[in-house]
1. Just to be sure before I move on: is residue 25 out of contact with any helix residue (DSSP H, G or I) (no Cβ under 8 Å at 6 or more places or on another chain) and without any contact (Cβ under 8 Å) to a residue 24 or more places away in the chain in the structure I sent?
2. Which ones in region 125-148 are farther than 14 Å from residue 287 by Cβ and outside any helix (DSSP H, G or I)?
3. Determine if region 98-119 includes at least one residue that is more than 24 Å from residue 7 (Cβ to Cβ), crowded, with 17+ Cβ neighbours inside 10 Å, in contact with a helix residue (DSSP H, G or I) (Cβ under 7 Å, 6 or more places away or on another chain) and touching a residue at least 12 places away in the same chain (Cβ under 8 Å).
4. Among 35, 42, which is closer than 27 Å to residue 99 by Cα and touching a helix residue (DSSP H, G or I) at 6+ places or on another chain (Cβ under 7 Å)?
5. Of all residues in region 62-113, which are more than 30 Å from residue 136 (Cα to Cα), assigned to a loop (DSSP other than H, G, I, E, B) and at pLDDT 90 or above?
6. Would you confirm, using the coordinates I've provided, whether residue 17 is under 42 Å from the mean Cα position of the chain (by Cα), more than 15 Å from residue 3 (Cα to Cα) and surrounded by 15 or more Cβ atoms within 10 Å (Cβ to Cβ)?
């Protein structure tokens, strides 16, 4: 059944429609024979009922000039589609609510529901909690999805409570440099992983940074706005820098963080890591094009090409590719550039 005709008829306000009006939907894109076959399918399904008194068009495949639209038959077609998908999708997804909603709502949501279905069939229900941003990225490939429109859809298919989305985040974890508390301007470096955090903690007091923050992957998105309050420096100015894994997920974490508040990339770390050989793996990570585009704005043309190539080839750089000596030198370099 042709979706163009079905959609048009579903939104049509009158009870009758002319054959010419249906034909104009295609404007030469298909042959008359193909068009006639589609119209006759709608007649066979009882969606279009010929108005015999208006006559036929007298072509080889003869069609009536006018048809009654049976709206009830259109609705039953959508119900069959919902019912059929319920039979094959993951058992945790419940589609009952769509029987009472419009056809447009079902058609708008179905592509996303299929992504959720695929995620559940591969991964099952999560065993541990995660932030909304992490779940969004893992399911859809867009860390903002749940916070914008995703929660409503997840509630509609009755799976929100099963995804273990953490609405009460842990406090922000960081080390402090008390030497900087007398200042009114503060710099903070966020690192994604624990090993990098501990390596840099050893030299925090040798820098002009007020804190070193352990991002813990996606969890940083849920608690970054508590930084000033936890430090007791709510009236001061704060500048934040980020260094994470150079992979699809790490890029999306930074982008999600940067959408919450302005977070600069600690470019010196990324530029150094690009001199090394990358590792292959993490093939299941999703690429958020918007996140990648924003990330690449921070690098030159050659670096852009290198980053794109490594991601396309399934490559990545973990933070741990930089040893403790390199990390120290790079932080000193970053610190010096900021202060000049």
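1. No; evaluated as a whole, the condition is false for this residue.
2. Hits for region 125-148 are 125, 126, 127, 128, 129, 130, 131, 144.
3. For region 98-119, residues more than 24 Å from residue 7 (Cβ to Cβ), crowded, with 17+ Cβ neighbours inside 10 Å, in contact with a helix residue (DSSP H, G or I) (Cβ under 7 Å, 6 or more places away or on another chain) and touching a residue at least 12 places away in the same chain (Cβ under 8 Å): present.
4. Values: 35 fails: closer than 27 Å to residue 99 by Cα.
Exactly one residue qualifies, and that residue is 42.
5. Step one: of region 62-113, the residues more than 30 Å from residue 136 (Cα to Cα) are 62-77.
Cutting the leftovers down to assigned to a loop (DSSP other than H, G, I, E, B) gives us 62-63, 65, 70.
Hits for region 62-113 are 62, 63, 65.
6. Yes: the conditions hold for residue 17.
Okay, residues lined up against (1) at positive phi; (2) within 31 Å of the chain's Cα centre (by Cα):
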residue	(1), (2)
158	yes, yes
186	no, no
201	no, no
216	yes, yes
224	no, yes
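The values are calculated or read from the model by the stated rules, or taken from the named source; none is laboratory data. Predicted model, so just to flag it, every value in this text is computed and none were measured. We place every Cβ from the backbone using ideal geometry, glycine too, and count neighbours over all the protein chains shown.
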